[in-house]
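Just below is one structure, and these are the notes that go with it.
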Amino acid sequence: MALDREAALSWYRRNRDRSRQLFDMLPEQVYYSRPIALRHPIVFYEGHLPGFSFNTLVKKGLGAPSIDPRLETLFARGIDPHESQANGHQASWPDRDAVRAFAAEADARVIDALSREELERPGHPLLDRAEAVFGILEHEAMHQETLLYMWHRLGFDEKHRPEGYAPVTDGTAPADEWIDIPAGRAVLGVDRSAVPFGWDNEFPACTADVPAFSIQRHNVTNAQFLAFVEGGGYKDSRWWSAEDWRWVESERVEHPLFWERSDGGWLWRGMFDMVPLPLSWPVYVSHAEAAAYARWRRMRLPTEAEYQRAAFGEAGRNGSGAGERVYPWGEGPPTAERGVFDFISWDPQPAGSHPAGASAWGVEDLAGNGWEWTSTPFAPFPGFRAMASYPEYSADFFDGEHFVMKGASPATARELLRPSFRNWFRGRYPYVYATFRCVK
Ligand SMILES: [Fe+2]
């Protein structure tokens, strides 16, 4: 699997164009603001994206000299949402022209490296199988989702709305349907040799024997979750773990972050509008809220292995996993009719509106329209080895406090839709485009 230099270059440029468009959505006055208190201000990300690419590929990978050591350090790393603000990150951020000049130089050096350096060096810690190249490309794509959920928290007058965009709010909430999945084997992770690139937490492949279970065909919708909210779910400690309940009480959490109360009803805070709560959309909630809802219904969240089996298992084959699919729908490319991903929409769309993306068992929207929370704490597979090009990528988060999310959201690039891809967040982090479904 030799690296396709042209494809890497064009992906890099495509990434940079999209990032530029995302920054161009914002007026100057929000540039130093911090839409989510636990993350860096917006300025950081404009420097971080090209800075990380330069640092990882050009400086660390190819051993080239610095552009500006101070800025490289400043833009080196994001923060885990929860490392508290208390560690007092008070960098004095440079003015925007300086950030852009640094970004332009970093871009030029990365493009130059992608154009003519030897990027694939067997046995090299960062360049074996061109790890640093794929790493920087996926890193930027993943950050674009982070940017979008940060932009989501800005005021409606703090971002420019793309012309002609309107959320798809029509659609009826699908009925509560259940699908039986027989006992069988699920594949978790993937072998290094089987894919051009994966993050360290995806390796190696392992299998899990999954007992029979039933899973909801659709994500839990706002309509379904409304019954929990209005039935007093946020006022009853029985449905919450002790820690989650402390959070509900201390933060006075009363409903999903994306919902707002208005006279006599509920609104959903979309990217550009407040809209009457779209009952047919998947609900976006934290892991804590998803787990509480499931407990209230006397059900539970799926494990990571159950998700894998529901999404990628081949109906009729219970055995070795040899029949695993590439996507929930099979082999075909990730197109718009198969799911809500790859920046096709700024908001979710009605649950069940992409039946062409159903898995072998008929479970819908497993990739797209919102990440799927699992009950599985984020942990390494047996044989895990931290990657040399980004050693802290996963290892810093194996602390039992983060839960695995699978699938994709509207803001997840199509390149990240592989069965082994794992995302993770803290259980009470409410900002992400994450939904869930229950199993029993
Ligand atoms: Fe980053």
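Restricting the first member to the range 263-277 and to residues that are free of Cβ contacts under 8 Å to residues at least 40 places away in the same chain and part of a strand (DSSP E or B), and the second to residues that are of a type in the set (Lys, Arg) and surrounded by fewer than 20 Cβ atoms within 10 Å (Cβ to Cβ), the beta-carbon pairs closer than 8 Å and six or more apart or on different chains are LEU267/ARG261.
Quick check, is VAL432 at pLDDT 95 or above, buried (at least 21 other Cβ atoms within 10 Å of the Cβ) and out of contact with any Asp or Glu (no Cβ under 7 Å at 6 or more places or on another chain)?
Criteria met by VAL432.
Going through (1) over 29 Å from GLU364 (Cβ atoms); (2) in a loop (DSSP other than H, G, I, E, B); (3) not aromatic (Phe, Trp, Tyr) one by one, LEU137 falls short only on (2).
For the residues ASP128, ASP170, the requirement of being modelled with pLDDT of 95 or more, acidic (Asp, Glu) and surrounded by fewer than 18 Cβ atoms within 10 Å (Cβ to Cβ) singles out ASP128.
PRO69 meets each of the listed conditions (1) out of contact with any helix residue (DSSP H, G or I) (no Cβ under 8 Å at 6 or more places or on another chain); (2) within 13 Å of the ligand (Cβ to nearest atom); (3) of a type outside the set (D, E, K, R) apart from (2).
May I ask you to say which residue of HIS160, HIS139, HIS143, HIS152 is within 21 Å of VAL30 (Cα to Cα), touching a residue at least 60 places away in the same chain (Cβ under 8 Å), out of contact with any strand residue (DSSP E or B) (no Cβ under 6 Å at 6 or more places or on another chain) and within 13 Å of the ligand (Cβ to nearest atom)? After applying the criteria, what remains is HIS143.
Between TRP268, TRP239, the distinction of being of a type outside the set (Val, Ile, Thr), more than 23 Å from the chain's Cα centre (by Cα) and buried (at least 18 other Cβ atoms within 10 Å of the Cβ) belongs to TRP239 only. Residues that are closer than 22 Å to VAL283 by Cα and either in contact with a strand residue (DSSP E or B) (Cβ under 8 Å, 6 or more places away or on another chain) or within 16 Å of the ligand (Cβ to nearest atom) (or both) within the range 163-193 comprise PRO167, THR169, ALA173, PRO174, ASP176, GLU177, TRP178, ILE179, listed in sequence order. Among the residues making up the range 335-362, those that are buried (at least 19 other Cβ atoms within 10 Å of the Cβ) and either free of Cβ contacts under 8 Å to residues at least 12 places away in the same chain or acidic (Asp, Glu) (or both) are ASP342, ASP347.
Being under 25 Å from ARG428 (Cα atoms), touching a Phe, Trp or Tyr at 6+ places or on another chain (Cβ under 6 Å) and of a type in the set (Lys, Arg), is that true of even one residue in the range 279-301? For the range 279-301, residues under 25 Å from ARG428 (Cα atoms), touching a Phe, Trp or Tyr at 6+ places or on another chain (Cβ under 6 Å) and of a type in the set (Lys, Arg): present. Would the range 83-101 turn up any residue that is more than 16 Å from the ligand (Cβ to nearest atom), at pLDDT 95 or above and either in contact with a helix residue (DSSP H, G or I) (Cβ under 6 Å, 6 or more places away or on another chain) or of a type in the set (A, V, I, L, M) (or both)? Taking every residue of the range 83-101 in turn, at least one turns out to be more than 16 Å from the ligand (Cβ to nearest atom), at pLDDT 95 or above and either in contact with a helix residue (DSSP H, G or I) (Cβ under 6 Å, 6 or more places away or on another chain) or of a type in the set (A, V, I, L, M) (or both). Residue count for the range 370-392 satisfying the condition of being among the small types (Gly, Ala, Ser) and more than 27 Å from LEU148 (Cα to Cα): 3. Is it the case that some residue within the range 247-255 is in contact with a strand residue (DSSP E or B) (Cβ under 9 Å, 6 or more places away or on another chain), more than 30 Å from VAL133 (Cβ to Cβ) and either of a type in the set (Lys, Arg) or at pLDDT 95 or above (or both)? Checked the range 247-255: at least one residue is in contact with a strand residue (DSSP E or B) (Cβ under 9 Å, 6 or more places away or on another chain), more than 30 Å from VAL133 (Cβ to Cβ) and either of a type in the set (Lys, Arg) or at pLDDT 95 or above (or both).
The values are calculated or read from the model by the stated rules, or taken from the named source; none is laboratory data. Keep in mind the model is a prediction, meaning the values are calculated, not measured. Note: ideal-geometry Cβ built from the backbone for every residue, glycine included; neighbour counts use all protein chains shown.
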